[in-house]
Amino acid sequence: MVTIESLLNTVDLPDSPTPRLDAELLLAHALGKSRSYLHTWPERELEAEQLERYQAMLVRRQAGEPVAYILGQQGFWSLELEVASHTLIPRPDTELLVETVLALLPATPAALLDLGTGTGAIALALACERPAWRLTAVDRVPEAVALAERNRARLKLDNATFIESHWFSALAGQRYQLIVSNPPYIAADDRHLVEGDVRFEPSSALVAGADGLDDIRLIIQQAPDYLEAGGWLLLEHGFDQAAAVRELLSARGFSAVESRRDLGGHERISLGRFNNE
């Protein structure tokens with residue numbers, strides 16, 4: 001007899017930092033139930049097909065594949081998003097970008113741009129919170145644009161638009177009150193690229209040159225050409241890159257430059273305002 005409780009009491013995920021949580025998420029998915037169901041009915045027996053689905057997913061997790069890719073979904077902000085192996089998995093740290101944008105601009109009509117949107121997480125969270133805003137979000141990977149559009153359609157957020165563009169390449173003549181981005185910012189030789197979940201994520205969405213700042217430099221250099229007067233640029237970056245990003249922003253003529261800390265106390269995002277009148 002294989003019950004929910006017996007499976008959760010024999011979790012074998014030694015390389016996972018959260019083995020119990022992983023097992024609960026996989027088992028709930030295999031059953032088509034919520035995690036709360038597992039705790040409410042621990043004595044329930046699994047059908048053969050349910051057990052087979054769970055064990056197949058567990059094997060993938062034991063090989064190191066991220067839970068989000070196995071499930072094909074990941075929560076971000078208040079949204080449940082489809083994810084796939086050609087996009088980064090949305091992370092809680094990035095919600096700091098959303099919080100900061102919401103605090104910077106009023107809820108009145110405005111045009112915003114999300115660069116390197118991936119699953120569409122940032123743009124869709126902002127579109128959900130501010131119906132009067134118009135979000136344009138771009139990604140150079142066609143599959144990512146298609147995935148983000150599927151998320152938009154399922155969430156019925158008509159104030160977001162997703163297009164294929166390598167940073168600003170398809171945006172000639174456009175201006176925005178605010179540009180936000182979670183670009184690649186990991187150095188090419190960073191040891192973390194061969195550890196944990198990151199091993200399975202697309203390197204093109206992670207790596208940005210020898211010091212991890214190549215894409216950030218490009219965005220900071222080009223962003224003023226696409227900002228309205230007094231427009232804001234917000235960037236997520238590595239925990240040890242804030243000083244370098246602030247210096248780049250100031251050198252390009254941005255004012256009110258500062259960094260904000262995440263819940264772990266790390267300077268995770270930097271921002272500045274460009275007065276290009």
Qualifying position, being out of contact with any Asp or Glu (no Cβ under 8 Å at 6 or more places or on another chain) and polar (S, T, N, Q), among Ser78, Ser16, Ser85: Ser78
Whether any residue in the range 233-241 is surrounded by fewer than 20 Cβ atoms within 10 Å (Cβ to Cβ), more than 20 Å from the chain's Cα centre (by Cα) and in the same structural domain as Arg268 (by TED's automatic domain parsing) is what I want to check. no
Applying the selection to the range 26-65, what residues are more than 24 Å from the chain's Cα centre (by Cα) and part of a loop (DSSP other than H, G, I, E, B)? Gly32, Lys33, Trp41, Pro42, Glu43, Arg44, Leu46, Glu47
Name the residue, out of Asp240, Asp262, that is of a type outside the set (A, V, I, L, M, F, W, C) and closer than 17 Å to Ile186 by Cα. Asp240
Test Pro92 against the criterion of being of a type outside the set (Lys, Arg), within 12 Å of the chain's Cα centre (by Cα) and either within 20 Å of Asn182 (Cβ to Cβ) or crowded, with 19+ Cβ neighbours inside 10 Å (or both), and give yes or no. yes
Quick one: Glu143 ticks every box in (1) within 12 Å of the chain's Cα centre (by Cα); (2) surrounded by fewer than 23 Cβ atoms within 10 Å (Cβ to Cβ) bar one, so which box is it? (1)
So which residues in the range 245-259 are buried (at least 17 other Cβ atoms within 10 Å of the Cβ) and either in contact (Cβ under 8 Å) with a residue 40 or more places away in the chain or part of a helix (DSSP H, G or I) (or both), if there are any at all? Val245, Arg246, Leu248, Leu249
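Select from the range 110-157 the residues that are assigned to a loop (DSSP other than H, G, I, E, B) and within 24 Å of Tyr69 (Cα to Cα) and list them in ascending order.
The first filter runs over the range 110-157 and keeps only residues assigned to a loop (DSSP other than H, G, I, E, B), leaving 116-120, 130-132, 140-141, 156-157.
Answer for the range 110-157, where residues must be assigned to a loop (DSSP other than H, G, I, E, B) and within 24 Å of Tyr69 (Cα to Cα): Gly116, Thr117, Gly118, Thr119, Gly120, Arg140, Val141, Lys156, Leu157.
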Tell me which residues, restricted to the range 160-183, are of a type in the set (S, T, N, Q), farther than 11 Å from Ala137 by Cβ and in contact with a strand residue (DSSP E or B) (Cβ under 7 Å, 6 or more places away or on another chain). Gln177, Asn182
Complete set of residues in the range 215-243 that are over 21 Å from Ala123 (Cβ atoms) and out of contact with any strand residue (DSSP E or B) (no Cβ under 9 Å at 6 or more places or on another chain): Arg217, Gln221
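Can you confirm whether the range 164-175 contains a residue that is of a type in the set (Phe, Trp, Tyr), in a strand (DSSP E or B), at pLDDT 95 or above and surrounded by 13 or more Cβ atoms within 10 Å (Cβ to Cβ)?
Looking only at the range 164-175, we keep the residues that are of a type in the set (Phe, Trp, Tyr), and these are 167-168.
Then drop every residue that is not in a strand (DSSP E or B), which leaves none.
So far as the range 164-175 goes, no, none of its residues is of a type in the set (Phe, Trp, Tyr), in a strand (DSSP E or B), at pLDDT 95 or above and surrounded by 13 or more Cβ atoms within 10 Å (Cβ to Cβ).
The values are calculated or read from the model by the stated rules, or taken from the named source; none is laboratory data. Predicted model, so just to flag it, every value in this text is computed and none were measured. Every residue, glycine among them, receives a Cβ derived from its backbone with ideal geometry; neighbour counts consider all protein chains shown.
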